[in-house]
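Just so it is clear, none of the values below were taken in a lab; they were calculated from the coordinates. Note that the structure is predicted; figures quoted are calculated from it, not measured. Virtual Cβ from ideal backbone geometry, glycine too; neighbours counted across all protein chains shown.
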Amino acid sequence: MTAAAEGKAYDPGKVIAPGATIGVLGGGQLGRMLALAGRAMGYRFVTLDPTPDAPCGQVADRQIVAAYHDVAAARQLAEQADVITYEFENVDAGVTSLLMAESYVPQGSRLLYTTQHRLREKRAIEAAGVKVAPYAEIGSVEELRQAVQRFGTPCVLKTATGGYDGKGQWVIRSQEEIEAAYAELSKAGTELVLEQFIRFAKEISVIAARSPQGEAKAFPVAENVHVNNILHLSIVPARAADEVLREAETMALRIAKALDVIGLIAVEMFLTADGELYVNELAPRPHNSGHYTMEACRTSQFEQHVRAICNLPLGDPGLLTPVVMVNVLGEHVQPLLDWIVRPESEQVPGVTAKVHLYGKQEAKKGRKMGHVNLLSNSPEQALRWIEASTIWDAKHE
């Protein structure tokens, strides 16, 4: 049976060999690192992004400067690319349909449709046999009041679409906040979902890859620390029991298969003190918490994504060295640059720092400008390096 007959966007027998052109919808840092990995493998790249000289455009063969909903620009991308991928979830539905009709988009639109909407995503995760935090769809203040009464406080009200890095959500800590929370988030014009607050011991994530042939592999579990709802650092290997880490990888692979993922899917989870795992959310693309793979794994998440969408054999995701990835926000750029030129920059023996900057023009506070992978004998060594460098002291301001 053909892929079309099965209703699939991909062809299990189709291989996109090096030398072909990969189109990237989105020109940010994920596209940039994807293109850098793919160019090393022999692929060419064209990207579509509205910002001139976008991070991906700086390293691609060509950038189409246009809005994401620009159908004519999407058609140009389709004409120039042998295969198309995306670096963010909120892709215009009309553009997705055009690209699938006029080019090859093995990731398809079904996964986007699912992960663009928190309620659909949660139902899909549950259908895969994986636990999520108890939740309720909210359509009125009265429904919110009843759900808060059921879940207790604190609990988290979120918009069903559009939220990221803490946006589009409100932690309700008392009954008095219910009306204000509903009034504020309902302005988004989308459904709302209330989640029971999980008192987690750690936040972790697993990135899984799957190809059209059905081959699937998971990267080692990352332990994630957030500051002001933005990922601050990822610690690998995650500091948890071996059986918990194995279960987290198994859950991610189960979701990848159930959702018919092609490419990468990042699965973010809560780990409770008694070892229970709950999936928090999904991202069908390379992910910030997977940047550690660039030097610390036998295959990076970006090379793996290229391999998966092109239907090449997947690479070995094994960990070569303990690592801590730390994000560089706008307020950290100058301290990092000052550190780079200091002769005493290696603050802690046994730690090697690999700096990645994304080529963004303006260093705004809170904006992701780059990251540093700290390779070391142990995560504790790398964490000491972060403290000794003083680069990230600005996170407390």
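Of note:
- Reachable lysines, given that their alpha-carbon falls under 19 Å from the alpha-carbon of residue 8 and they are not under 8 places away in the same chain: 257
- Principal axis extents of the Cα atoms in the range 200-396, from largest to smallest and rounded to whole angstrom, are 49, 40, 31.
- The range 132-160 and the range 217-258: distance between their alpha carbon centers, rounded to Å: 26
- Candidate cross-link partners of residue 14 among the aspartates and glutamates, defined by an alpha-carbon separation under 20 Å and a same-chain spacing of 8 or more, comprise 6, 79, 82, 102, 215, 260, 303.
- Extending 7 Å from Cα along the Cβ direction at residue 273 and again at residue 176 yields two label points whose distance is 2.8 nm.
- Cross-link reach is defined here as a Cα-Cα straight distance under 24 Å, omitting same-chain residues fewer than 8 places apart; for residue 364 the lysines meeting it are 167, 354, 395.
- A crude spin-label estimate for the pair residue 340 and residue 229, with each label 7 Å from Cα along the Cβ direction, gives 3.1 nm.
- Identified option (computed Rg and Dmax of the Cα atoms in Å; candidates (i) 23.0, 69; (ii) 46.9, 157; (iii) 21.0, 63): (iii)
- Within the chain, helices built from complete DSSP H runs that reach 20 Å or longer along their own axis (Cα positions) and carry a mean Kyte-Doolittle hydropathy of -1.0 or higher are 242-258.
- With all pairs of different C-alpha atoms in the average, the Kirkwood value for the hydrodynamic radius of the range 1-159 is 17.9 Å.
- Angstrom value of the Kirkwood radius, inverse mean 1/r, which spans all Cα pairs in the range 134-196: 11.2
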